[in-house]
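What follows is a single structure, written as structure tokens, with notes after it.
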Amino acid sequence: MRPNKENSIILIPARAGSKGVPNKNSKPFANGKSLVERAIEVALAEFPKEKIILSTDDEILWKQAEKSGITILKREEHLASDTAGMLEVMLDVVDKQATKPDFLILFQPTSPFRTKNHLKEALNLFQEGDQALVSVNEPKGHPFYTLFQQEGEFINKFQKNTIVRRQDLPAMYDVNGLIYIFEIESLRKESWVNFERIRPMPVSLFDAIDIDTEEDWFFAETLEKGLKTNI
């Protein structure tokens, strides 16, 4: 079985507030739309509104999403705390569906350069038997060379290896929040990071930009104003 518009839902999770960028999910981005509104627009380009769910405890986001006609679920207090995990939030949303989906597509709103083409590509890439698909990008430096860990006063190589030539190193990726697809049956058993069949979807560093800090917001907004990307 593969994910499609009939057996899948798209979840956009967005809590109120933010420590890194105050109200980052609800405040206007470069073109006047919030990050959540941008995520909703991409989802609606490919999926019917009844298959798209916003999980939030933010009244501003609730009002922003209402006009789109998508489903809005008020996130319970224990799922809106700093200690709540995304797995709990995802399964909470799945359990509240009248018709149980087979796959969950996750859009983190903090990825502003997501487009409908990313969603199309992810659905095409996902193969029968896959447990998950995640968007990834190549790190700026290979972790075998660049990662060091603190040990007392000094730092030491995190990954010891005898490989010298870069071209002989195994491919390594950073996971970004652009798009995830999860098989729900597998998700109920364990966290997706422990899955054995995770398919990568490589994207550019531009597409992979994630907003977590004020500097991220400034950088992404500057790029958006200059490039005027199309959702």
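The values are calculated or read from the model by the stated rules, or taken from the named source; none is laboratory data. Everything numeric here is computed off the predicted structure, so don't read it as measured data. For neighbour counting, all protein chains shown are included, and Cβ atoms are generated from backbone atoms with ideal geometry for every residue, glycine included.
So, in the stretch 1-33, exactly how many residues are among the small types (Gly, Ala, Ser) and within 26 Å of Leu133 (Cβ to Cβ)?
We begin by selecting, within the stretch 1-33, every residue among the small types (Gly, Ala, Ser); these are 8, 14, 16-18, 20, 26, 30, 32.
Now narrow it down to the ones that are within 26 Å of Leu133 (Cβ to Cβ): 8, 14.
Looking only at that region, the number is 2.
Residues that are among the hydroxyl-bearing types (Ser, Thr, Tyr), surrounded by 16 or more Cβ atoms within 10 Å (Cβ to Cβ) and in the same structural domain as Lys27 (by TED's automatic domain parsing), at least 1 per element: which helices (runs of 4 or more DSSP H) completely within the stretch 115-228 meet that? Walk me through it before giving the result.
Working: elements: 116-125, 143-146, 184-187, 214-227.
Answer list for the stretch 115-228: 184-187.
Just one of the numbered conditions (1) within 22 Å of Glu183 (Cβ to Cβ); (2) among the hydroxyl-bearing types (Ser, Thr, Tyr); (3) surrounded by fewer than 18 Cβ atoms within 10 Å (Cβ to Cβ) is not true of Ser55: (3).
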